[in-house]
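Chemist: If you scroll down you'll find the structure; I have some questions about it.
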Amino acid sequence: MTVSLWAELLLRSSIQGGVAVVVVWVLFRLFPRIPAHVQGWLWRLIALKFLLGLTIPVSFQTVRGNWGEGYEANFVEILMAILSGLSTLVALGILIRDLTIIRKLRGKSVEASYPDLILLATHMGIRRAPRIYTSWQIDRPMAAGFLRPVIYMPQGLDQDTGKVVLAHELAHIKRKDLVWQWLFTALDILFFFHPLARMVTREYQKCQETACDALAMDACHTGMAQYGRILLQFTVNSKVRELSLVANMAGTYASLYSRIIRLNRGGRPLATGSKLLLACFAISILPTWKTTHAAPLPISESEVQVLAQVAQPVAMTRSDSASATGRVMTLKEGRP
């Protein structure tokens, strides 16, 4: 893939993805009672739209015609390619550092057993209950891991608080949030310059946490007042910075306010017609493949003469008696 093609695909994905972000944002403002898990799925589809747009050529004609041999990228295209490479390197460095921190934290933790683990996992439909590690160095509950996620819990939690916290982290595992986080990490890396792409990640994280809050409250039959106090407790006591590819219950004060508002607002079950409408809307968000007829490849004058010499004996046997050179020039111009 050339520098110019990458810049073109990046620009097209940025425009189409940005339009989809605005449309979905307006939709959620007009219909705020759409359930958080449904909103989360739409944000996932928009993230896919951004990223899949980078793998779909604008058209075969553009790829072969504009980026053929001899095309030179301009300064903006080269700058975008350099910044994309630097952003990827920085993100990989941060990711490796955070994974190292998590690995060290696991080495300093001890495996713990919670009596409610198996019951909650079964109730929430999780076939394989994850391992739980606890340590005094952990000040917020969090789930980490791609293939075999584990849960990290602070020590000293009472039974009721521990059950609610455990249910929230199990909700992350049930929803496969730790897998989907890779998608949004890639979105932040490749579209580091796009403010609407960053907004997609923020809005998805809010929907993700709200959906897990709702699942945890339902599994533990916890009231809004008690659950809000637990959220506030971890938000106040949390001192460890945010880590990449980790789902944690605590957040900022702004996100805490947003989650409480969303939980109080609630979300009514969608009717069949609304589900079909949202499904059609979701399909329209995804990028589409565009194929056109390829433009003729450029042929030099020397190639015309060589092809004419090869085609001359064949041309002499044809009844129309057209010259071989003329036939080659016709092919060069792209005419049948």
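The values are calculated or read from the model by the stated rules, or taken from the named source; none is laboratory data. Bear in mind the structure is a predicted one, so any value in this text is a computation, not a measurement. Quick reminder, even Gly has a Cβ in these numbers, built from the backbone with ideal geometry, and neighbours come from all protein chains shown. With ligands, DNA and RNA removed, areas are computed over all heavy atoms of the protein, side chains included. Shrake-Rupley method; radii C 1.70, N 1.55, O 1.52, S 1.80 Å.
Chemist: Could you identify the single residue in Gln208, Gln226, Gln233 that is in contact with a Gly (Cβ under 7 Å, 6 or more places away or on another chain) and modelled with pLDDT of 75 or more?
Modeler: Numbers: Gln226 fails: in contact with a Gly (Cβ under 7 Å, 6 or more places away or on another chain); Gln233 fails: in contact with a Gly (Cβ under 7 Å, 6 or more places away or on another chain).
The match here is Gln208.
Chemist: Continuing with the same structure: Can you name the residue in region 91-110 that is under 27 Å from Asp158 (Cβ atoms) and β-branched (Val, Ile, Thr) and is also most open to solvent (accessible area, probe 1.4 Å) among such residues?
Modeler: Val110
Chemist: Across region 89-137, what is the number of residues that are without any contact (Cβ under 8 Å) to a residue 40 or more places away in the chain, among the hydrophobic types (A, V, I, L, M, F, W, C), more than 30 Å from Ala186 (Cα to Cα) and in a helix (DSSP H, G or I)?
Modeler: Within region 89-137, residues that are without any contact (Cβ under 8 Å) to a residue 40 or more places away in the chain, among the hydrophobic types (A, V, I, L, M, F, W, C), more than 30 Å from Ala186 (Cα to Cα) and in a helix (DSSP H, G or I) number 2.
Chemist: Here is a further query. Would you check if Tyr152 is part of a strand (DSSP E or B), surrounded by 13 or more Cβ atoms within 10 Å (Cβ to Cβ) and touching a Leu at 6+ places or on another chain (Cβ under 8 Å)?
Modeler: Values: part of a strand (DSSP E or B): yes; surrounded by 13 or more Cβ atoms within 10 Å (Cβ to Cβ): yes; touching a Leu at 6+ places or on another chain (Cβ under 8 Å): yes.
Judged against the criteria, Tyr152 is a match.
Chemist: Could you check region 210-223 and list, in sequence order, the residues that are in a helix (DSSP H, G or I) and of a type outside the set (Gly, Ala, Ser)?
Modeler: Our first condition is that a residue be in a helix (DSSP H, G or I); within region 210-223, this holds for 210-220.
The answer is Thr210, Cys212, Asp213, Leu215, Met217, Asp218, Cys220.
Chemist: When you go through Ile299, Ile285 one by one, which is the residue that is among the aliphatic types (A, V, I, L, M), at pLDDT below 70 and open to solvent by less than 20 Å² (accessible area, probe 1.4 Å)?
Modeler: Details: Ile299 fails: open to solvent by less than 20 Å² (accessible area, probe 1.4 Å).
Selected residue: Ile285, the only one of Ile299, Ile285 that is among the aliphatic types (A, V, I, L, M), at pLDDT below 70 and open to solvent by less than 20 Å² (accessible area, probe 1.4 Å).
Chemist: Further question on the same structure: It is to be established whether one or more residues within region 111-123 are open to solvent by less than 100 Å² (accessible area, probe 1.4 Å), within 26 Å of Leu183 (Cβ to Cβ) and at pLDDT below 85.
Modeler: no
Chemist: Something else about it: Return yes or no: is Arg44 over 29 Å from Arg202 (Cα atoms) and either modelled with pLDDT of 85 or more or assigned to a helix (DSSP H, G or I) (or both)? Spell out the reasoning first.
Modeler: Working: over 29 Å from Arg202 (Cα atoms): no; either modelled with pLDDT of 85 or more or assigned to a helix (DSSP H, G or I) (or both): yes.
When the stated conditions are applied, Arg44 does not pass them.
Chemist: Assess whether Ala129 counts as being of a type outside the set (Val, Ile, Thr), in contact with a Leu (Cβ under 6 Å, 6 or more places away or on another chain) and modelled with pLDDT of 90 or more. Show your work before the answer.
Modeler: Values: of a type outside the set (Val, Ile, Thr): yes; in contact with a Leu (Cβ under 6 Å, 6 or more places away or on another chain): yes; modelled with pLDDT of 90 or more: no.
In short, no.
Chemist: Right, next: Could you run through region 132-154 and say how many residues are under 27 Å from the mean Cα position of the chain (by Cα) and more than 16 Å from Gln233 (Cα to Cα)?
Modeler: So the count comes out to 10.
Chemist: Restricting the search to region 175-209, which residues are part of a loop (DSSP other than H, G, I, E, B) and touching a residue at least 60 places away in the same chain (Cβ under 8 Å)?
Modeler: Of region 175-209, the ones part of a loop (DSSP other than H, G, I, E, B) are 175-176, 191-194.
Once the filter is applied, which keeps residues that are part of a loop (DSSP other than H, G, I, E, B) and touching a residue at least 60 places away in the same chain (Cβ under 8 Å), region 175-209 yields Arg175, Phe191, Phe192, Phe193, His194.
Chemist: Considering only region 204-232, state which residues are open to solvent by less than 50 Å² (accessible area, probe 1.4 Å) and within 14 Å of Asp177 (Cα to Cα).
Modeler: Tyr204, Cys207, Gln208, Glu209, Thr210, Ala211, Cys212, Asp213
Chemist: Going through Gly93, Gly65 one at a time, which residue ends up being of a type in the set (Gly, Ala, Ser) and modelled with pLDDT of 80 or more? Reasoning before the result, please.
Modeler: Values: Gly65 fails: modelled with pLDDT of 80 or more.
Going through Gly93, Gly65 in turn, just one is of a type in the set (Gly, Ala, Ser) and modelled with pLDDT of 80 or more: Gly93.
Chemist: Related question: Of the residues Trp136, Trp180, only one is at pLDDT 90 or above, open to solvent by 10 Å² or more (accessible area, probe 1.4 Å) and among the aromatic types (Phe, Trp, Tyr); which?
Modeler: Testing whether each residue is at pLDDT 90 or above, open to solvent by 10 Å² or more (accessible area, probe 1.4 Å) and among the aromatic types (Phe, Trp, Tyr) leaves just Trp180.
Chemist: Given the conditions (1) touching a Leu at 6+ places or on another chain (Cβ under 9 Å); (2) assigned to a helix (DSSP H, G or I), and given that Leu86 satisfies all but one, which numbered condition is not satisfied?
Modeler: (1)
Residues checked against (1) of a type in the set (Asp, Glu); (2) at pLDDT 85 or above; (3) open to solvent by 30 Å² or more (accessible area, probe 1.4 Å):
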site: Val3; (1), (2), (3): no, no, yes
site: Gly18; (1), (2), (3): no, yes, no
site: Val24; (1), (2), (3): no, yes, no
site: Arg33; (1), (2), (3): no, no, yes
site: Gly40; (1), (2), (3): no, yes, no
site: Val58; (1), (2), (3): no, no, no
